[in-house]
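All remarks here apply to the structure that follows.
The values are calculated or read from the model by the stated rules, or taken from the named source; none is laboratory data. Remember, it's a predicted structure, so these values are computed and weren't measured experimentally. Neighbour counts are summed over all protein chains in view; Cβ atoms, including those assigned to glycine, are modelled from backbone coordinates with ideal geometry. Accessible surface is based on the protein model in full, side chains and every heavy atom, while ligands, DNA and RNA are left aside. Shrake-Rupley method; radii C 1.70, N 1.55, O 1.52, S 1.80 Å.
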Amino acid sequence: MEASRRSAVKPVIVLKPSKRVPLVEDTTGKASDALPLPLYLTNAVFFTLFFSVVYFLLSRWREKIRASIPLHAVTFPEIVAVFALVASLIYLLGFFGIDFVQSLIMRPSGDVWSGEDDEEGNEVLLREEDARTVPSGQALDCSVPSLPHMVRNVTAQRLFDEKPVRVTTEEDARKVSCGQAIDCSLRSLPPRPPIVTSQKLFHEKTVIVTTEEDEEIIKSVVAGTLPSYSLETKLGDCKRAAAIRREALQRLTGRSLSGLPLDGFDYESILGQCCEMPVGYVQIPVGIAGPLLLNGREYSVPMATTEGCLVASTNRGCKAIHLSGGAASILLKDGMTRAPVVRFSTAKRAAELKFYLEDLENFDTLAVVFNRSSRFGRLQSIKCAIAGKNLYLRFTCSTGDAMGMNMVSKGVQNVLDFLQTDFPDMDVIGISGNFCSDKKPAAVNWIEGRGKSVVCEAIIEGDVVRKVLKTCVESLVELNMLKNLTGSAMAGALGGFNAHASNIVTAIYIATGQDPAQNVESSHCITMMEAVNDGKDLHISVTMPSVEVGTVGGGTQLASQSACLNLLGVKGASKEVAGANSRMLATIVAGAVLAGELSLMSALAAGQLVKSHMKYNRSSKDVSNLSS
Ligand code: ADP
């Protein structure tokens with residue numbers, strides 16, 4: 001194991017960012033900084049020069065042989081010709097040779113996670129396994145479209161007068177084969193349309209704003225006489241409101257929003273629920289990891305991310321789980337919390353309320369009051385904590401298929417109103433007193449749980465650990481102990497006893513319309529690994545006490561997010577049992593985290609992490625040229 005760790009360090013030292021190679025040349029570009037002539041001119045000159053001097057030198061050579069003149073007796077024109085030959089060769093090699101040489105040297109291997117020194121036998125074995133284990137129709141086309149070849153750079157001053165500034169390049173394609181039989185054909189995107197100017201944008205065919213009336217509205221927003229937030233109400237047309245707001249914003253800031261799409265989004269669907277004052281939407285790619293075999297069912301897990309390797313890595317974990325017979329995910333608890341803070345004039349009075357709330361005889365009455373808020377919200381418990389004369393009341397309730405923050409807040413408000421009769425001296429300071437605790441790391445969530453508490457486990461066969469994960473059980477167990485348990489303890493971690501649970505949680509949350517800010521507590525996770533079956537196999541588990549998910553409400557009803565929920569078979573409200581869909585989603589999140597933990601830990605144990613990231617997570621684009 002030590003040997004494998006040591007060998008892991010090597011690639012870190014030898015790897016360098018890949019050299020940038022222009023794929024497409026800007027015809028208006030210069031040959032180089034040192035040769036500031038148009039490219040077409042230098043190409044023509046050096047091509048002509050090369051062939052002329054080759055012809056000249058060959059004829060001179062023939063004449064010398066015929067006249068028996070020694071070859072080393074060179075004349076001045078011959079010396080000049082040799083220099084010209086070398087110069088043109090350097091030029092031509094520089095422009096046309098490097099691409100070819102690099103394509104030979106830097107061709108990526110088939111498997112993101114396989115080392116370059118992989119035995120061929122292993123690769124063949126894996127491909128055969130792929131063909132067996134991936135159900136028909138599940139072969140993914142993971143073609144990666146080449147990025148737009150031309151990047152336009154805009155400075156504030158030149159906002160409406162852009163020129164192509166520099167040609168940038170990108171890897172043509174990446175072949176990813178973590179557990180799936182894949183077809184990786186190249187597909188190119190059409191070239192990015194040029195950035196449109198403010199006026200052009202305003203008059204674009206697809207944009208509704210074309211009238212003088214709209215121009216007047218834009219001017220009023222720019223002048224500050226019409227509040228931007230009132231556009232939807234005033235116009236009664238959300239798309240038009242967004243277009244006008246966007247144009248006003250561009251004029252006000254002098255900054256272009258080109259690249260942030262406006263069309264292709266249903267702005268009515270977010271009104272009053274998901275986002276205020278929209279000016280467009282951000283595109284995030286969605287990748288699929290899976291099939292994840294969980295509780296006997298297969299799931300294709302959608303992950304919205306811009307982190308290279310993440311989906312591929314999770315996919316590899318899914319493959320290892322699948323080959324080992326699947327994982328089991330168990331829901332332990334389901335209850336959303338809200339904890340208001342109330343204040344009294346004395347600690348004694350605060351304590352009296354605490355005793356009242358914790359008295360089981362009062363619970364039924366309080367539950368009836370609480371449950372009036374929704375047919376799905378059902379009060380489960382009230383846990384109190386005192387700080388002097390301040391009291392924190394942590395209400396927990398089931399919320400059906402909703403994540404439940406609104407639901408629990410309404411129920412809590414009902415109870416606070418009710419309590420005011422018996423405790424008129426109670427001063428409600430805030431409906432949320434942070435003892436809930438929402439979107440902040442807190443021990444109360446780690447210990448008590450919030451939302452769904454889930455544990456997920458699998459036994460990974462030793463053979464699979466070796467062939468798919470390219471490491472061994474012993475290395476994984478040791479790494480888990482020293483990194484996820486001891487390392488996190490040394491760091492004073494709170495719920496962070498894992499390798500990268502938040503990576504998977506956040507990607508699934510974004511894809512399925514969850515509140516991504518809740519990844520804070522939803523990513524609380526302890527990953528355990530143990531050698532079982534006489535040390536042959538690996539038992540791995542993830543325990544996640546605060547997975548906060550819903551399949552109704554919030555962003556879950558938006559078209560893209562709803563499609564991802566549909567893929568998992570948990571879209572909307574469950575028709576059989578209220579809450580079944582959201583609970584199922586929580587178990588899937590834990591299953592995907594298990595896959596992610598397994599794969600990343602293996603990559604670390606085998607020393608492949610940096611190598612894979614350098615290959616698949618680092619574009620060859622010159623980032624310095626992208627900022628204006
Ligand atoms: P949250 O409480 O997660 O913020 P919302 O309050 O926006 O979510 O959404 C929950 C809404 O969905 C409530 O109005 C509730 O009555 C409705 N709803 C419909 N079906 C269900 C269900 N199966 N589970 C929970 N809520 C449901």
Residue that is farthest from V412 (Cα to Cα) [pool: residues in region 357-388 that are touching a helix residue (DSSP H, G or I) at 6+ places or on another chain (Cβ under 7 Å) and assigned to a loop (DSSP other than H, G, I, E, B)]: G388
Can you tell me which of (1) assigned to a loop (DSSP other than H, G, I, E, B); (2) within 16 Å of the ligand (Cβ to nearest atom); (3) under 30 Å from I288 (Cβ atoms) is the one E307 doesn't meet? (2)
So which residues in region 372-397 are within 16 Å of the ligand (Cβ to nearest atom) and crowded, with 18+ Cβ neighbours inside 10 Å, if there are any at all? S373, S374, F376, G377, R378, L379, F395, T396, C397
For the list (1) at pLDDT below 80; (2) open to solvent by less than 50 Å² (accessible area, probe 1.4 Å), I need the number of the one condition that F100 fails. (2)
Only residues that are in contact with a helix residue (DSSP H, G or I) (Cβ under 7 Å, 6 or more places away or on another chain) and either within 20 Å of G579 (Cα to Cα) or not in a helix (DSSP H, G or I) (or both): list them for region 403-429, please. M403, G411, F423, D425, M426, V428
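When you scan region 406-433, how many residues do you find that are open to solvent by 20 Å² or more (accessible area, probe 1.4 Å) and near the ligand (Cβ under 10 Å from one of its atoms)? Full working, then the answer.
Let us first name the residues in region 406-433 that are open to solvent by 20 Å² or more (accessible area, probe 1.4 Å), namely 406-407, 409-410, 413-414, 417-418, 420-422, 424-425, 427-429, 431-432.
With the extra rule that they be near the ligand (Cβ under 10 Å from one of its atoms), the set shrinks to 406-407, 409-410.
Here the count works out to 4.
Scan region 251-291 residue by residue and report those that are more than 16 Å from the ligand (Cβ to nearest atom) and either modelled with pLDDT under 95 or under 30 Å from K319 (Cα atoms) (or both).
Restricting attention to region 251-291, the residues satisfying the condition of being more than 16 Å from the ligand (Cβ to nearest atom) are 251-268, 277-291.
Selection gives Q283, I284, P285, V286, G287, I288, A289, G290, P291.
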Would you mind telling me which numbered condition in (1) basic (K, R); (2) over 29 Å from G492 (Cβ atoms); (3) more than 16 Å from the ligand (Cβ to nearest atom) K440 fails? (2)
Does region 244-255 hold any residues that are of a type in the set (G, A, S) and open to solvent by 10 Å² or more (accessible area, probe 1.4 Å), and which are they? G254
Within region 285-328, the residues that are among the polar types (S, T, N, Q), over 12 Å from the mean Cα position of the chain (by Cα) and surrounded by fewer than 23 Cβ atoms within 10 Å (Cβ to Cβ) are N295, S300, S324
Which condition from (1) open to solvent by 10 Å² or more (accessible area, probe 1.4 Å); (2) under 19 Å from S329 (Cα atoms) is the one that V505 breaks? (1)
Might you let me know whether region 537-554 holds any residue that is assigned to a loop (DSSP other than H, G, I, E, B), more than 13 Å from the ligand (Cβ to nearest atom) and open to solvent by 10 Å² or more (accessible area, probe 1.4 Å)? no
Quick one: in region 568-584, which of the residues that are in a loop (DSSP other than H, G, I, E, B) and within 11 Å of the ligand (Cβ to nearest atom) is nearest to Q514 (Cα to Cα)? G572
